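The values are calculated or read from the model by the stated rules, or taken from the named source; none is laboratory data. If you're wondering where the values come from, they're calculated on a predicted model, not measured in any experiment. In this analysis, Cβ positions are derived from the backbone assuming ideal geometry, glycine residues included, and neighbour counts consider all displayed protein chains.
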Amino acid sequence: MSSLRSLVSLLMTTGFLLAGHGVHMTLLPLRASELGLSAGMIGFSASAYYAGFFWGAILIPPVIARVGHIRSFTALLGTFLVAFLLLSFTDWAIVWILMRFILGAVMCGSYTVIESWLTDQSDPSQHGRVLSVYTMIVLGAMALGQFLLQLANNNPMSPFIMVAILCACAIIPVSLTRSLAPAPVPATRFNFSKLYRRSHTAFAGALGSGIIMGSFWSLGALYAVAETGDAGFAAAFIAATIIGGVFSQYPIGLASDKIDRRFVLAALSFFSALAAAVMVIASSQWAYLLTAFCFGAVGNSLYAVALAKAADNSRRDEFVTIGSSVLLLNAIGASLSSLLFGWAMREFGSDALFICIALSSLGIALFIGVQPRGKTAVSVEDQAQFIPSTSAMAPAALSQDPRGDEDAEAA
């Protein structure tokens, strides 16, 4: 716990940043809809966000290495605020696409600063514990952000001001920290073909988590408003999904320590399909909230279990590359699904979102279910301990193997 106390400023920054991030991810689709942008264009702009996240992971680490962590973080959040506030008074689709690309890139860069600092300041033997605490703060802050969004009054600028305040507050703790800045951030390494060779299951789980949850973050608020006609309900709908993920991470993680993770990923994908199918036939706000909670419980766990499966099947010297590949493949899945599912919503109505999610989830479940045990497969006894994690992070969080030394050597 001593290492955690020394990281209080970084964790406070994480809380402020992710609360603002949670509000902005829900707010922007609703704002775009109010401005008259179609569901297809909203999906396109969300796709640009995840594309920006992918390229930010590649292009921003050299910038951080050149100018330092604190100045980089200040510049990144300054850029975030400019791009975000520009969207408050324009309905030009090209501006939305460009600004959301920038938002994705700078958000990934902001995560990189915080996570590389956390990794550097925490003892390697406690990195798994720090990552667990970080994950709970990320999910908790994003859920809190949804409730803050509900407090906004009828002034359309209030939510934008709220996000600006939260992100500005995120600059303060890390700027005043007495902890030494870490070494320069290494370039992001990833290799999708190696990930596929090591584990077809982890590859499918990573891509599937992006398709399932990425499209939900991009278009879920739009779906809630289209189905209920209540803009205020969207925040509660998104919050229920996040809270489901908070409560399910540890139980599902413990189950994945005792059951072959192929079966766990297949089951999570199947139940994601089932929850999405139930969402299509839900008819009341309470039914939507309950189904969203269940959907979030299984869908939000896909990424963490896929990462754990990739860790099981990778050598210790490969983990950084393999883990980064899982995260970036998740971003690619989110970018593609946001674009395609947004088009489907425009053409066939709001229910098309969860119909597409259900079909995709079922396809992933079937693919994983028929996979034979490969040469790199490990027994349940040799699986590494599950570490809670979320796709709301950058590859810097994986620059240390989160498994303990003994687990990593065994894997």
**OP:** Scan region 25-41 and give yes if some residue there is modelled with pLDDT of 95 or more, within 26 Å of PHE348 (Cα to Cα) and of a type in the set (Gly, Ala, Ser), otherwise no.
**Re:** no
Subject >> Wholly within region 122-230, helices (runs of 4 or more DSSP H) carrying at least 2 residues that are more than 30 Å from LEU11 (Cβ to Cβ), modelled with pLDDT of 85 or more and of a type outside the set (D, E, K, R) >> reply: 192-198, 200-209, 215-228
Subject >> Residues satisfying the stated conditions in region 183-210, i.e. surrounded by fewer than 22 Cβ atoms within 10 Å (Cβ to Cβ) and touching a Leu at 6+ places or on another chain (Cβ under 9 Å) >> reply: PHE190, PHE192
Original post:
Can GLY232 be described as in contact with a helix residue (DSSP H, G or I) (Cβ under 8 Å, 6 or more places away or on another chain), closer than 21 Å to CYS108 by Cβ and touching a residue at least 60 places away in the same chain (Cβ under 8 Å)?
Top reply: no
**OP:** Collect the residues in region 346-356 that are part of a helix (DSSP H, G or I), of a type outside the set (Phe, Trp, Tyr) and either under 12 Å from ALA226 (Cβ atoms) or modelled with pLDDT under 95 (or both), keeping them in residue-number order.
**Re:** ARG346, GLU347, ALA352, LEU353
Subject >> Cβ pairs under 8 Å, 6+ apart, first in region 345-373 and touching a residue at least 12 places away in the same chain (Cβ under 8 Å) and over 16 Å from ILE281 (Cα atoms), second assigned to a loop (DSSP other than H, G, I, E, B) and of a type in the set (S, T, N, Q) >> reply: ARG346/SER38
**OP:** State whether one or more residues within region 88-109 are closer than 20 Å to SER391 by Cβ and in contact with a His (Cβ under 9 Å, 6 or more places away or on another chain).
**Re:** yes
Subject >> Residue count, region 358-368 (criterion: surrounded by fewer than 18 Cβ atoms within 10 Å (Cβ to Cβ) and within 13 Å of PHE271 (Cβ to Cβ)) >> reply: 1
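Every residue, every condition in (1) at pLDDT 95 or above; (2) among the small types (Gly, Ala, Ser); (3) under 14 Å from the mean Cα position of the chain (by Cα), yes or no:
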residue	(1), (2), (3)
TYR303	no, no, yes
LEU307	no, no, yes
LEU329	no, no, yes
ALA344	yes, yes, no
GLY369	no, yes, no
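The rows are residues; the columns are (1) within 30 Å of SER360 (Cα to Cα); (2) in contact (Cβ under 8 Å) with a residue 24 or more places away in the chain.
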site	(1), (2)
ALA141	yes, yes
LEU151	no, no
MET162	no, yes
SER175	no, yes
ARG189	yes, yes
TYR196	yes, no
ALA202	yes, yes
GLY214	yes, yes
SER218	yes, yes
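Every residue, every condition in (1) hydroxyl-bearing (Ser, Thr, Tyr); (2) within 17 Å of the chain's Cα centre (by Cα); (3) over 24 Å from LEU329 (Cβ atoms), yes or no:
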{"residue": "SER9", "(1), (2), (3)": "yes, no, yes"}
{"residue": "LEU18", "(1), (2), (3)": "no, yes, no"}
{"residue": "MET25", "(1), (2), (3)": "no, yes, no"}
{"residue": "LEU30", "(1), (2), (3)": "no, no, yes"}
{"residue": "LEU37", "(1), (2), (3)": "no, no, yes"}
{"residue": "PHE54", "(1), (2), (3)": "no, yes, no"}
{"residue": "ALA57", "(1), (2), (3)": "no, yes, no"}
**OP:** Can you tell me which residue among ALA235, ALA231 is surrounded by fewer than 19 Cβ atoms within 10 Å (Cβ to Cβ) and either over 24 Å from LEU362 (Cβ atoms) or of a type in the set (Ser, Thr, Tyr) (or both)?
**Re:** ALA231
